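Note sheet for the following structure.
The values are calculated or read from the model by the stated rules, or taken from the named source; none is laboratory data. These numbers were taken from a predicted model, which means no experiment stands behind them. Neighbour counts run over all protein chains shown; Cβ positions are idealised from the backbone, glycine included.
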Amino acid sequence: MSRDVVAQINVYPMDVRHLEHLLPHQIRVWEGMVDRIVVTIDTHRSRSGRYRGTDYDSSLKALRRQIAIARTQYPKLEVIEVDYSQQARSDVARYFFNADSIPVKAWDGYKSVLEPGLTLTYRFSHASTRVFLIDLDRFKSKLGALPMLAPNPWQRLNCCILRNPPETREAEVMLSHVLSTSGLKRIDMLGSSPGLGRCIPSESEGGCGQACS
């Protein structure tokens with residue numbers, strides 16, 4: 001039986017100032033190529049560091065309101081909030097890491113070398129979790145599980161200061177390690193204009209809106 005092709009868009013309350021511009025653009029790009037579009041809301045607030053943010057509660061409320069409005073306009077759009085229950089964490093840990101549990105955050109509170117590839121593509125030696133496509137069935141059959149890489153001593157010191165879990169590195173680092181040790185590459189294809197917009201929260205307020213309007 002064929003499986004749905006799903007575009008998953010991960011958001012955090014502090015993304016709210018960009019969401020009104022980015023979400024409609026991303027839906028326009030993806031809706032003709034996927035069966036479902038799932039917006040995943042991460043509601044676990046980092047206690048300190050750059051991911052803690054300000055006005056968290058009001059931002060979360062505004063984020064939910066914007067997504068609820070979008071759901072009335074786009075039939076393919078679904079929304080879920082990350083389940084941080086012990087059972088859910090155990091399920092994820094077993095599927096991706098062959099472990100019994102995982103910390104809720106990486107050491108820094110977060111959840112590349114570039115080589116020319118084929119025509120209109122680029123081949124990367126490292127992974128990026130900003131925008132990527134993954135076949136989970138192929139991932140499990142070919143790679144099995146991700147290694148739960150530990151932070152280095154400097155990072156462990158910082159995670160203690162930031163009061164974040166000290167057990168593991170960022171998802172990008174673990175995926176990059178698997179690519180390197182397995183002799184695999186990440187392939188990015190150059191699409192047609194205007195492309196898929198994304199915005200990092202530290203960027204200017206107006207940049208995202210101007211780029212996607």
Checklist outcome for this item: Selection over region 136-181 where residues are over 20 Å from K105 (Cα atoms), out of contact with any Lys or Arg (no Cβ under 8 Å at 6 or more places or on another chain) and surrounded by fewer than 16 Cβ atoms within 10 Å (Cβ to Cβ) yields a count of 9
Checklist entry - What pairs can you find where one residue is in region 19-44 and of a type outside the set (V, I, T) and part of a strand (DSSP E or B), the other is at pLDDT 90 or above and surrounded by fewer than 18 Cβ atoms within 10 Å (Cβ to Cβ), and their Cβ atoms are less than 9 Å apart, with a gap of 6+ or different chains? => result R36/K76; R36/E78
Checklist entry - Where residues in region 110-155 are over 19 Å from A171 (Cβ atoms), polar (S, T, N, Q) and not in a loop (DSSP other than H, G, I, E, B), which of them is modelled with the highest pLDDT? => result S141
Checklist outcome for this item: Conditions (1) at pLDDT 75 or above; (2) over 19 Å from W30 (Cα atoms) -> G206 fails only (1)
